[in-house]
Amino acid sequence: MSGVLLNKKIVLGVTGSIAAYKAADLVRRLQDAGAEVRVVMTQSACEFITPLTMQTLSGSPVAIDLLDTVQESTMGHITLARWAGWVLIAPASANTIANLAYGQTDDLLSALCLATESPVAIAPAMNNKMWQNQVTQSNLAQLSARGIYIIGPDSGDQACGEQGEGRLLEPNDIVDELSRIAVPARLQGKHVVVTAGPTFEPIDPVRFMGNRSSGKMGFAIAKAAAEAGAKVTLISGPVALMTPPSVTRVDVETAEQMHDASMRHTSDSNIFIACAAVSDYRPETYQDSKLKKTQSSQLQLKLTINKDIVAAVAAKKNRPFVVGFAAETDNVEQYAKDKLIAKKLDMIAANKVGDGLGFGVDDNALSVFWQAGSKLLPKAPKSHLARDLMTIIIEQYYAKNTTEST
Ligand code: C5P
């Protein structure tokens, strides 16, 4: 199994909140990310979701009572506290947050949190008034000051019919956030340059040649690189996307501008990831005024080839680790491998496009090839794929630059 939380041992604490049902999905998402999960529930959590559900999903008995003679003799709170690489409480109720703040140990989960030496993260879930209450906020401030990670909450519609802050984050977002916190920043001190989106090649002041690239994959990769601790420069064609946190964005429009920006920003870079769908050709001449319709039923547009940006970066003297993409409608593997060699790339990530795959959609699947190996990343949201791809890039980057340490 691949995943950012590979081999991480996580005790998932579930407390009494209407959002407890989301903990079932959360177990699956954690497992998908490679984690081994044991579940601890409070008594009131059992009113919202059955221990049997959590036991079946996690594949291990669920611990509930502090004074359970059977459980304490097998995996009691101290053993669980030692076993845990991480304790994640989701949903974390106002009551459990108060217990943790005051060091109360009248249920197994709070006792375990006091006994563990491993990091603890909590994903609060409660009514927005309870969330805003000064007591809750000061409890959270205490926990935060003690190094407990607070994940979320989200805001929006609440089970009580109100609107506001206090909703449990979606399981995928909790896993994303935990991964960000739990996985060491392996690209600290490194500079990663990513190209993303389409290029627009102007024909006249109102028309251009473009393509359907949404930029989502490139933006997700830039985000994953930043999460891994890198300084990230994202060179983006025209897209309608928010810049990920701590990423420096350089907006360009044409392939030529993207080429120039890429050459400039890779001068001190360690990794270059060419995710953009660059227009191979551009109109040979730009018409200063709008092309007029004529009597003729045909119009010929003469095109001229654009520079290959990724190949140009790979040809640099002090080149970074270079990763290209190949979007193909058929013969994906062969074309990708040919491109790896022809463009002198270190790695290529290939995906099939067309028939609802690839451009514009949220899910994607990738086949990744490098000189000595390959890996298939099955269909998943682009944010997850980007993380998994980043993990492979980091491994191969350090494998090539063996003098550097991870
Ligand atoms: O040759 P093809 O366009 O299929 O190659 C795709 C890869 O090359 C992608 O990584 C893309 O970003 C990059 N590319 C480029 N400059 C071009 C054309 C493609 O960097 N002019």
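Let me know the charge dipole size of region 9-181 about its Cα centre in debye, to the nearest 20, where only the beta-carbon of Lys, Arg (+1) and Asp, Glu (-1) is charged. Present the calculation step by step, with values, prior to reporting the outcome.
Numbers: 10 positive and 18 negative charges, 56 e Å.
Taking the Cα centre of region 9-181 as origin, the dipole is about 260 debye.
Checking a compactness column here: for region 213-332, what do you get for Rg(Cα) / (2.2 N^0.38 Å), N being the number of residues? Mind showing how you got there, number by number?
Values: Rg = 17.1 Å, N = 120, 2.2 N^0.38 = 13.6 Å.
Normalised by 2.2 N^0.38 Å, the Cα Rg of region 213-332 equals 1.26.
SER214's amide H: which non-local residues (gap 5+, or another chain) put their own amide H closer than 5 Å, with H modeled 1.01 Å from N in plane and none for Pro or chain starts?
Distant-sequence amide H within range of SER214: GLY360.
How many nm is it between the label spots at GLN257 and LEU114, if each spot is 7 Å from the Cα in line with the beta carbon?
6.1
What is the gain in length, in nm to one decimal, between LEU52 and ALA141 on full extension, counting 0.36 nm per residue of separation less the C-alpha to C-alpha distance? Provide the component values of the computation, followed by the final result.
Numbers: separation 89, 0.36 × 89 = 32.04 nm, distance 3.44 nm.
Length gained, LEU52 through ALA141: 28.6 nm.
When the chain is fully extended, how far beyond the present Cα-Cα distance does ARG82 get from GLN134, taking 0.36 nm per residue of separation? Walk me through the numbers on the way to the answer.
Numbers: separation 52, 0.36 × 52 = 18.72 nm, distance 3.33 nm.
Result: 15.4 nm gained on full extension.
Return a whole-number percent for the relative contact order of the chain, with Cα pairs under 8 Å and 6 or more residues apart as the contact set. Mind dumping the intermediate values first?
Working: 866 pairs, mean separation 44.3, N = 406.
Averaging sequence separation for qualifying contacts and normalising by length gives 11 percent for the chain.
Points 7 angstrom from Cα along the Cβ direction at GLN104 and GLN334: gap in nanometres?
6.8
Roughly speaking, to the nearest percent, how much of region 9-181's 1.4 Å accessible area is carbon and sulfur? Working shown, then result.
Details: 3740 of 7580 Å².
On region 9-181, the fraction of accessible area on carbon and sulfur atoms equals 49 percent.
Mind listing the long-range amide H neighbours of ARG249? Cut-off is under 5 Å, sequence gap 5 or more, other chains count too, H placed in the peptide plane at 1.01 Å from N.
LEU234
May I ask you to evaluate 6.51 cos²θ - 1.76 cosθ + 1.60, the Karplus curve with θ = phi - 60°, for each residue of region 371-386 and list the ³J(HN,Hα) values in order in whole Hz, giving x for glycine and proline?
Karplus-based 3J(HN,Hα) across region 371-386 equals 4, 9, x, 7, 8, 9, 10, x, 3, 7, x, 4, 5, 6, 4, 4 Hz.
If you place +1 on the Cβ of every Lys and Arg and -1 on the Cβ of every Asp and Glu, how big does the dipole about the Cα centre of region 162-312 come out, in debye to the nearest 20?
Values: 17 positive and 18 negative charges, 78 e Å.
Using only the charged Cβ atoms, the result is roughly 380 debye.
For the chain, with a Gaussian network of springs between Cα atoms less than 10 Å apart, report the residue from ALA349, ALA222, ALA101 with the top mean-square fluctuation.
Answer for the Gaussian network model of the chain: ALA101.
Using the Cα centre of the chain as the reference point, and only Cβ charges (+1 on K/R, -1 on D/E), how large is the resulting charge dipole? Debye, rounded to the nearest 20. Walk me through the intermediate numbers first.
Working: 39 positive and 41 negative charges, 288 e Å.
The calculation lands at about 1380 debye.
P(r) for region 281-384, please, calculated from all Cα pair distances in 5 Å bins and given in %.
P(r) for region 281-384, in whole percents per bin: 2, 11, 16, 15, 15, 13, 10, 8, 6, 3, 1, 0.
Using the Karplus curve 6.51 cos²θ - 1.76 cosθ + 1.60 with θ = phi - 60°, what ³J(HN,Hα) values do you get for each residue of region 321-331, in whole Hz, with x for Gly and Pro?
Once rounded to whole Hz, the list reads 6, 10, 10, x, 10, 9, 9, 10, 8, 8, 6.
Considering the Cα positions of the chain, please state its Rg to one decimal place and its Dmax as a whole number of Å.
25.3, 92
Going by average Cβ neighbours within 10 Å, how do the peptides 211-219, 308-316, 135-143 rank, with the highest at the top?
Values: 211-219: 22.2, 308-316: 19.2, 135-143: 15.4.
The peptides rank, most packed first, as 211-219, 308-316, 135-143.
Positive end of the dipole of region 9-181, charges at C-beta (+1 Lys, Arg; -1 Asp, Glu), about the Cα centre: which of LEU66, THR116, CYS160 has its Cα farthest in that direction?
Checked the options; the winner is THR116.
What value, in deg cm²/dmol to 500, does the helix sum -39500 (n - 2.57) over DSSP H runs of n ≥ 4 give at 222 nm once divided by the residues of the chain?
Details: 14 runs with 138 residues, N = 406.
After summing the helix terms and dividing by the residues of the chain, the value is -10000 deg cm²/dmol.
If each of TYR286 and ALA240 carries a label point 7 Å out from its Cα toward its Cβ, how far apart are those two points in nm?
2.5
Have a look at GLU162, GLU333, GLU256 and tell me which one the Gaussian network model of the chain (Cα, springs below 10 Å) gives the largest fluctuation.
GLU162
Which one, THR391, VAL27, VAL278, is farthest towards the positive end of the dipole of the chain when Lys and Arg carry +1 and Asp and Glu -1 on their Cβ?
Working it through, the farthest residue towards the positive pole turns out to be VAL278.
Quick one: what are the phi-derived ³J(HN,Hα) couplings along region 227-237, Karplus 6.51/-1.76/1.60 with θ = phi - 60°, whole Hz, x for glycine and proline?
For region 227-237, the Karplus-derived couplings read 5, 7, x, 6, 7, 10, 10, 10, 9, 10, x Hz, x marking Gly and Pro.
Per Stokes-Einstein, at 4 °C and 1.567 mPa s, what whole-number D in µm² s⁻¹ belongs to region 107-190, with the Kirkwood radius over Cα pairs as the hydrodynamic radius? Intermediate results must be reported in sequence, preceding the final value.
On the way: Rh = 14.5 Å.
Taking Rh from Cα pairs, D becomes 90 µm²/s.
Have a look at the DSSP beta bridges in the chain and tell me what percent are antiparallel, nearest 5. Let's see the in-between values first.
Details: 21 of 64 bridges.
Once the DSSP bridges in the chain are tallied, antiparallel ones form about 35 percent.
What are the radius of gyration and Dmax of region 9-181, computed over its Cα atoms and given in Å?
14.7, 45
Can you work out the base-10 log of I(q)/I(0) for region 149-250 at q = 0.11, 0.17, 0.18 1/Å, using the Debye formula on its C-alpha atoms alone?
Debye output, listed in q order: -0.50, -0.88, -0.92.
Going by average Cβ neighbours within 10 Å, how do the peptides 84-91, 190-197 rank, with the highest at the top?
Numbers: 84-91: 25.2, 190-197: 27.8.
Ranking, from highest mean packing down: 190-197, 84-91.
Considering only DSSP beta bridges with both partners in region 249-406, what is the antiparallel share in %, to the nearest 5?
Numbers: 15 of 25 bridges.
Among the beta bridges of region 249-406, antiparallel pairing accounts for roughly 60 percent.
Of all DSSP beta bridges located in region 9-181, what percent are antiparallel, nearest 5? Don't skip to the end; give the middle numbers.
On the way: 4 of 21 bridges.
Here the antiparallel bridges make up roughly 20 percent for region 9-181.
The values are calculated or read from the model by the stated rules, or taken from the named source; none is laboratory data. As the structure is a computational prediction, the values presented were derived from the model and not from experiment. All Cβ positions, even for glycine, are placed from backbone atoms using ideal geometry, and neighbour counts span all protein chains on display. With ligands, DNA and RNA removed, areas are computed over all heavy atoms of the protein, side chains included. Shrake-Rupley method; radii C 1.70, N 1.55, O 1.52, S 1.80 Å.
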